[in-house]
Amino acid sequence: MKVSRRNFFIKAIQGGAILTMPSILGSFLESCNSNITGPAGSAAGLATISGTTSGSNIIISVDSSSPIAKTGTAALVNSSIGAVLVDHPSTNVYNALSSICTHQGCQIGNYDTGSNQFVCACHGSRFDVNGNVTQGPAGAPLQKYSTSLSGTQLVIKV
């Protein structure tokens, strides 16, 4: 089989494109993360708590063994109706937020105790305990849910 000069160059270009694709894709993905001051530093993975559901409520126990029993702590609460971020800024006060980053829908799973901010590991967006964006690329706040504490039971109204 005789290969024409034209077919040879087409195959060579196709082969070169296939070989350089991982490098190009890697550079693109790295550039998306190159402006992060985010997930590194003092941000650490959140403790995970399993919650039970009752209607559109998520219920968790906040007894002394709970990862959010002490003030200044935070956790990711998983339930059958979704996951929420919960922090405990002061005595008997709990904040609950959507765990889905408003930038590209990644689940937020880190918390920076130094600045009291939730951090999205995908692109470095940061949110305060009220869900407000403190650092982009996210442009919209996280949805906030109301909470109520009855004894050691925290009810999150989703």
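The values are calculated or read from the model by the stated rules, or taken from the named source; none is laboratory data. On a predicted model such as this, the values are computed, not experimentally measured, just so you know. Here the Cβ is made from the backbone with ideal geometry for all residues, glycine too, and neighbour counts use every protein chain on show.
What do you reckon, is Thr147 in the same structural domain as Ser66 (by TED's automatic domain parsing), hydroxyl-bearing (Ser, Thr, Tyr) and touching a residue at least 60 places away in the same chain (Cβ under 8 Å)? In short, yes.
Within this structure, Thr152 fails the test of being modelled with pLDDT of 95 or more and either within 17 Å of Ile68 (Cα to Cα) or under 16 Å from the mean Cα position of the chain (by Cα) (or both).
Residues checked against (1) over 21 Å from Ala44 (Cβ atoms); (2) of a type in the set (S, T, N, Q):
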site: His103; (1), (2): no, no
site: Tyr111; (1), (2): no, no
site: Phe118; (1), (2): no, no
site: Asn130; (1), (2): no, yes
site: Gln143; (1), (2): yes, yes
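For (1) in contact with a Ser or Thr (Cβ under 9 Å, 6 or more places away or on another chain); (2) more than 21 Å from Asn78 (Cα to Cα), each residue gets a yes or a no:
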position: Ile108; (1), (2): yes, no
position: Asn116; (1), (2): no, no
position: Cys122; (1), (2): no, no
position: Phe127; (1), (2): yes, no
position: Gly131; (1), (2): yes, no
position: Gln135; (1), (2): yes, yes
position: Gln143; (1), (2): yes, no
position: Ser146; (1), (2): no, no
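Only residues that are free of Cβ contacts under 8 Å to residues at least 40 places away in the same chain and at negative phi: list them for region 123-142, please. Full working, then the answer.
Going residue by residue through region 123-142, those that are free of Cβ contacts under 8 Å to residues at least 40 places away in the same chain are 127-128, 130-134, 136-141.
The answer is Phe127, Asp128, Asn130, Asn132, Val133, Thr134, Gly136, Pro137, Ala138, Gly139, Ala140, Pro141.
Restricting region 57-92 to residues that are within 18 Å of Phe127 (Cα to Cα) and of a type in the set (A, V, I, L, M) leaves a set whose member that is surrounded by the fewest Cβ atoms within 10 Å (Cβ to Cβ) is Ala83.
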